[in-house]
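Have a look at the structure below before the remarks.
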Amino acid sequence: MHPNQALIERFYTAFQQKDFRTMQACYHPDVRFSDPVFPKLKGEEAGLMWEMLLTRSADLTITFGNVQADYRSGSCDWEATYTFSATGRTVHNVIHAEFLFKNDLISRHDDRFSFYEWSSQALGLTGKLLGWSRFLEKKIQRKAADGLRNFIQKKAKN
């Protein structure tokens, strides 16, 4: 097994175990993360996003597979099932992740999933009607960014 494949497996095994510290340790200090909800996280923000999500989600389950990697890049498919706290609705999100590596760590992590499918599950009728729109996507991104910013500020005070 290539060491970067093992790194991806370590990251997602930690995710399954809700071990955000190990997840954070898999990231390069200058990591770039993006997905449809958090499109431009850099450095420490990326690891803190996982910490925020894991400490707030009691019923999160993760599965992963199809892990591939070489010295430069890698990918895997993963699925998350959880209750979206804002609505109490169950979400089953199917995600394809792509990675770049630097100094034996993840330097770029891009998660791809259907925002429409996610919003339809998380928001119900609102997501079904507006999940295709940039308006709703931008609104969710702003709310997520505000939540992460508040989490980071509270963490800094403690």
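The values are calculated or read from the model by the stated rules, or taken from the named source; none is laboratory data. The structure presented is a predicted model; accordingly, all values stated were derived computationally and were not measured. In this analysis, Cβ positions are derived from the backbone assuming ideal geometry, glycine residues included, and neighbour counts consider all displayed protein chains.
Observations, loosely collected:
- Some residue of region 78-94 being part of a strand (DSSP E or B) and touching a Cys at 6+ places or on another chain (Cβ under 7 Å): no
- Filtering region 11-46 to residues that are basic (K, R) and either in contact (Cβ under 8 Å) with a residue 40 or more places away in the chain or in a loop (DSSP other than H, G, I, E, B) (or both) leaves K18, R32, K40.
- Tally, over region 52-73, of residues that are touching a residue at least 12 places away in the same chain (Cβ under 8 Å), within 25 Å of S120 (Cα to Cα) and surrounded by 14 or more Cβ atoms within 10 Å (Cβ to Cβ): 6
- I8 vs. criteria part of a helix (DSSP H, G or I) and crowded, with 17+ Cβ neighbours inside 10 Å: yes
- Qualifying residues in region 115-146 (those that are small (G, A, S), in contact with a helix residue (DSSP H, G or I) (Cβ under 8 Å, 6 or more places away or on another chain) and at pLDDT 95 or above) - the one nearest to F38 (Cα to Cα): S119
- Some residue of region 34-44 being more than 17 Å from D77 (Cβ to Cβ), at pLDDT 95 or above, exposed (fewer than 15 other Cβ atoms within 10 Å of the Cβ) and small (G, A, S): yes
- Residue check, F20 surrounded by 14 or more Cβ atoms within 10 Å (Cβ to Cβ) and either over 17 Å from I140 (Cα atoms) or at pLDDT below 95 (or both): yes
- Region 139-158, residues that are exposed (fewer than 11 other Cβ atoms within 10 Å of the Cβ) and in a helix (DSSP H, G or I): R142, D146, Q153, K154, A156, K157
- Residues in region 32-60 that are β-branched (V, I, T) and under 13 Å from the mean Cα position of the chain (by Cα): V37 alone.
- Set L130, L136, L105: member being in contact (Cβ under 8 Å) with a residue 60 or more places away in the chain, surrounded by 14 or more Cβ atoms within 10 Å (Cβ to Cβ) and not acidic (D, E): L105
- Any hit, region 116-127, residues being of a type in the set (D, E, K, R), in contact (Cβ under 8 Å) with a residue 24 or more places away in the chain and not in a helix (DSSP H, G or I): no
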